Amino acid sequence: MLLVRNNIALYDNQGNRTFRGTAKFWRWAIKRFQPMLDSGAVRFVTDSERLADEYEELTGIRFQVLPHPCLIGLQAPSTPADESFGKTEKNSTSESTKSVRVFLPGPARYEKGADRLVEAAKLLSQQQDLSPIEMVFQWSDAFTLPNGSMLGPDDLPALNLSNVTFDVITKPLSSEAYHQQLLKADLIILPYRREVYFARISGVAVEAMMLGKPLLYTSDTWVDTIASQFDCGLSMDNDVAGVVEAISEAIANLDTMAQQSRGAAGDVASFFSAKSFTSKLLNS
């Protein structure tokens with residue numbers, strides 16, 4: 001069995017597909033397996049219907065799709081994470097008002113839309129009737145924006161926003177500490193750029209859904225397909241305005257969204273379990 005998880009295609013921001021320069025080689029290599037695929041001696045497997053679509057268009061061969069196995073929801077962490085580990089608070093809100101904790105998990109990078117979330121924070125801070133927001137990043141290194149400028153965690157203090165706080169985790173998290181960050185979040189936000197994440201899966205999205213956390217995610221991506229299947233959040237447009245609108249709507253309906261996501265957590269955990277993966281692999 002060959003488990004394929006890499007893209008053979010590139011996408012624009014509308015999800016239109018063009019194949020990489022190496023596609024001709026991979027078409028030749030994959031089609032060489034056709035007799036073995038026909039006999040059942042070999043199977044090609046992927047964990048994304050969209051990746052399967054890519055390879056089928058390229059080769060005419062449909063890969064089997066199996067769920068991405070995830071283990072994070074199986075056991076609660078044994079000890080609480082040290083909340084001060086690697087974290088610096090950039091500005092503060094009144095302790096008497098509980099902030100809505102919005103977490104972007106995984107290293108902050110351009111393709112993951114970290115810059116979109118920063119721009120959205122500026123716009124959200126202008127909404128006087130909005131609840132205080134605490135945005136949590138895993139962000140150690142600056143990255144380059146298309147205009148050539150750099151954006152990093154040290155740029156956040158200068159924003160000095162009135163009702164938005166930034167918690168920046170600058171050091172690697174242990175699995176247990178990362179699990180705790182997911183558990184403490186009210187919303188998990190994934191403002192991924194569609195041109196990168198149209199067909200790519202997101203392990204952090206699966207982990208959040210397994211823990212019953214509502215997601216905010218870019219529409220027409222793999223995350224959208226999976227989250228919609230389990231009704232675990234809201235889709236957003238592929239731009240800053242979409243991020244602002246989604247956060248505002250989610251905060252206004254937070255209790256309902258949280259209840260829906262918690263109710264779906266068991267089904268998500270079952271679907272993405274190692275047992276589900278192996279049973280479908282061995283019984284098919």
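The values are calculated or read from the model by the stated rules, or taken from the named source; none is laboratory data. What you see is a predicted model; the values in this text were computed from it and never measured. Note: ideal-geometry Cβ built from the backbone for every residue, glycine included; neighbour counts use all protein chains shown. Ligands, DNA and RNA are excluded from the accessible area calculation, which covers all protein heavy atoms including side chains. Shrake-Rupley method; radii C 1.70, N 1.55, O 1.52, S 1.80 Å.
A compact table of results
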{"item": "Number of the condition not met by S99 [criteria: (1) polar (S, T, N, Q); (2) surrounded by fewer than 15 Cβ atoms within 10 Å (Cβ to Cβ); (3) under 19 Å from I251 (Cα atoms)]", "result": "(2)"}
{"item": "Residue within the stretch 150-172 that is in contact with a helix residue (DSSP H, G or I) (Cβ under 7 Å, 6 or more places away or on another chain) and among the polar types (S, T, N, Q) present", "result": "yes"}
{"item": "Any chance R50 is in contact with a Phe, Trp or Tyr (Cβ under 9 Å, 6 or more places away or on another chain) and among the charged types (D, E, K, R)", "result": "yes"}
{"item": "Qualifying residue in the stretch 181-198 (condition: among the aliphatic types (A, V, I, L, M) and touching a Cys at 6+ places or on another chain (Cβ under 7 Å))", "result": "no"}
{"item": "Subset of the stretch 250-284 (residues that are open to solvent by less than 40 Å² (accessible area, probe 1.4 Å), farther than 16 Å from L211 by Cα and outside any helix (DSSP H, G or I))", "result": "none"}
{"item": "One residue from A264, A246, A208, A258 being over 16 Å from H68 (Cβ atoms), touching a strand residue (DSSP E or B) at 6+ places or on another chain (Cβ under 7 Å) and touching a residue at least 12 places away in the same chain (Cβ under 8 Å)", "result": "A246"}
{"item": "Options G21, G15: the member that is in contact with a Phe, Trp or Tyr (Cβ under 8 Å, 6 or more places away or on another chain), more than 26 Å from S276 (Cβ to Cβ) and assigned to a loop (DSSP other than H, G, I, E, B)", "result": "G15"}
